[in-house]
Every structure is written in structure tokens, then in C-alpha cells.
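The values are calculated or read from the model by the stated rules, or taken from the named source; none is laboratory data. Not measured: the values here are computed from a predicted model. Positions of Cβ are generated from backbone atoms using ideal geometry, with glycine treated the same way; all protein chains shown enter the neighbour counts.
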Amino acid sequence: MRMTLLAMVPSAARAPLALLALLANSACGTPTGSQDLGGGRDQAVAADLAVGSDLASGGGADLGAGLDAMPGDSQLPPIDSAASLEKWLMTGVYKAWACEKDRHPARPGSAHAANRICSNDLLSTSASGEYPVNSASVKELFDSGGTIIGYAVGVRTKTGPADASWFWYERVNTTTYANGAGVPLCANCHRNAPRDFIYTQVTR
């Protein structure tokens, strides 16, 4: 119904509505709500972003130019560049994955700060052995006041030996510590994980 109503609005006036819809989806991903909404939230975000993309190419003026189509998709973080990945993270689509309910202190042995972990469908539902290609994990990193100050992302990019098969990304505040496949800083720690370089598999 939301998309039908937007379609009835003249294209020149659609940009503010699309922006409001996009911001609402990005901001409303509380842990409990995200799990309850599940895939429906993914579809809603994707629909709003599709409207933004249409505006960007169809005359949304300066406002529409900032609503380009989301890089990657709702289940797979884009890893071609830090800029694309950060843009994807800002949409909040990963919050519809299987996510831990609340942030928590770093677990024993973790190099990260207080955090909350989300697993995409491939990672969440995999039963044993090597995780499937495109399995992905997003870890929100928090400061002492509960504000997100960065992210740690892992994506299995191919089958085979895990060191070279996992892409790692970590940013805390303005410092990027990892951005690539087999980054030693991440791989040397995750090698000790109970299964295929992943310490925490979040299931629904």
C-alpha cells in the first residue's frame, strides 16, 4: 500500500516521502523488533531504497541524488570498498537477520568492545562444517554509553582454507583496522573459533 500511494505522487514531490520512509526503516531496527519483523523488514527497506533509486535517476533533484540504490543486498554486505560497506551498514538491513537481543560485554578472549552480533540466513541456519559461501556476520561495537562506534564484519567469500576464504572488516570510530581477505589481525584470532572462524552463530 505504501508503494502504491507513493506511485500516485508526482515524481518531483516523491523525494521527501521516499527519504522519510528510508530513514524510518533505518532507525527503527531495535533488537526485538528486528527479529519479530524478520524478512518483512528486509522487503520494506528494499522497496524504499528502490524508490530512492528511481528518484535519483528520474528527477529527484539534489535530494534524490543521495538515495542511490543500496549496494549489495539485504543478506550480503558489499565488500568491494569500505565506502560501499559503510553505506550498506547505515541502512540497517542486517538488523532483520538473526541477532542477539541485547548488547553485551566482550566475551572472554574477544578483542572487541561491548557488542551485539547478527548472523545472516546462510550462517544462522548452517548446521555443521564449513559455512556456505556468502555466510556473513555483522558485529555492532559500542562505547560505554551504549552508542555504536563501529562494526566488525565477516563474509565467507569462497570454499577452502579459511584464512584466505573469509573477508574481514573492522572500524572503530574513525580508525579502520581491517578491510580485506585473510587479514592476519582477524584471522589469527578467529582461527581459534569453535567452528570455521566464527565464534558466535546467532540462530532464530
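Can you confirm whether GLU100 is in contact with a helix residue (DSSP H, G or I) (Cβ under 9 Å, 6 or more places away or on another chain) and either under 22 Å from ASN192 (Cβ atoms) or surrounded by 15 or more Cβ atoms within 10 Å (Cβ to Cβ) (or both)? In short, yes.
Going through the stretch 151-177 one residue at a time, which ones are aliphatic (A, V, I, L, M) and either within 16 Å of the chain's Cα centre (by Cα) or within 18 Å of ALA114 (Cα to Cα) (or both)? Reasoning before the result, please.
Of the stretch 151-177, the ones aliphatic (A, V, I, L, M) are 152-153, 155, 162, 164, 172.
Those that are aliphatic (A, V, I, L, M) and either within 16 Å of the chain's Cα centre (by Cα) or within 18 Å of ALA114 (Cα to Cα) (or both): ALA152, VAL153, VAL155, VAL172.
Give the residues of the stretch 135-153 that are assigned to a loop (DSSP other than H, G, I, E, B) and either more than 14 Å from PHE197 (Cα to Cα) or modelled with pLDDT under 95 (or both), sorted by residue number.
Kept after step one, since they are assigned to a loop (DSSP other than H, G, I, E, B), are these residues of the stretch 135-153: 135, 143-147.
Within the stretch 135-153, ASP143, SER144, GLY145, GLY146, THR147 meet the criteria.
Which of the residues spanning the stretch 76-90 are in a loop (DSSP other than H, G, I, E, B) and loosely packed, with under 15 Cβ neighbours inside 10 Å?
So the first thing to find is which residues in the stretch 76-90 are in a loop (DSSP other than H, G, I, E, B), and the list is 77-81.
Once the filter is applied, which keeps residues that are in a loop (DSSP other than H, G, I, E, B) and loosely packed, with under 15 Cβ neighbours inside 10 Å, the stretch 76-90 yields ASP80, SER81.
Can you name every residue in the stretch 154-168 that is in contact with an Asp or Glu (Cβ under 9 Å, 6 or more places away or on another chain) and modelled with pLDDT of 95 or more? Steps first, answer last, please.
Of the residues in the stretch 154-168, the ones in contact with an Asp or Glu (Cβ under 9 Å, 6 or more places away or on another chain) are 156, 159-160, 162, 165-166.
If the condition is that a residue be in contact with an Asp or Glu (Cβ under 9 Å, 6 or more places away or on another chain) and modelled with pLDDT of 95 or more, then ARG156, THR159, SER165, TRP166 are the ones that fit.
Scanning the stretch 158-204 for residues that are among the charged types (D, E, K, R), assigned to a strand (DSSP E or B) and assigned by TED's automatic domain parsing to the domain that holds GLU140 yields GLU170, ARG171. List pairs: first in the stretch 69-89 and farther than 17 Å from ASN120 by Cβ, second exposed (fewer than 15 other Cβ atoms within 10 Å of the Cβ) and among the hydroxyl-bearing types (Ser, Thr, Tyr), Cβ under 7 Å, 6+ apart or cross-chain? Short answer, once both residue conditions are applied: ALA82/THR176. Residues that are surrounded by 14 or more Cβ atoms within 10 Å (Cβ to Cβ), assigned to a loop (DSSP other than H, G, I, E, B) and of a type in the set (A, V, I, L, M, F, W, C) within the stretch 103-132 comprise ALA113, ALA114, listed in sequence order.
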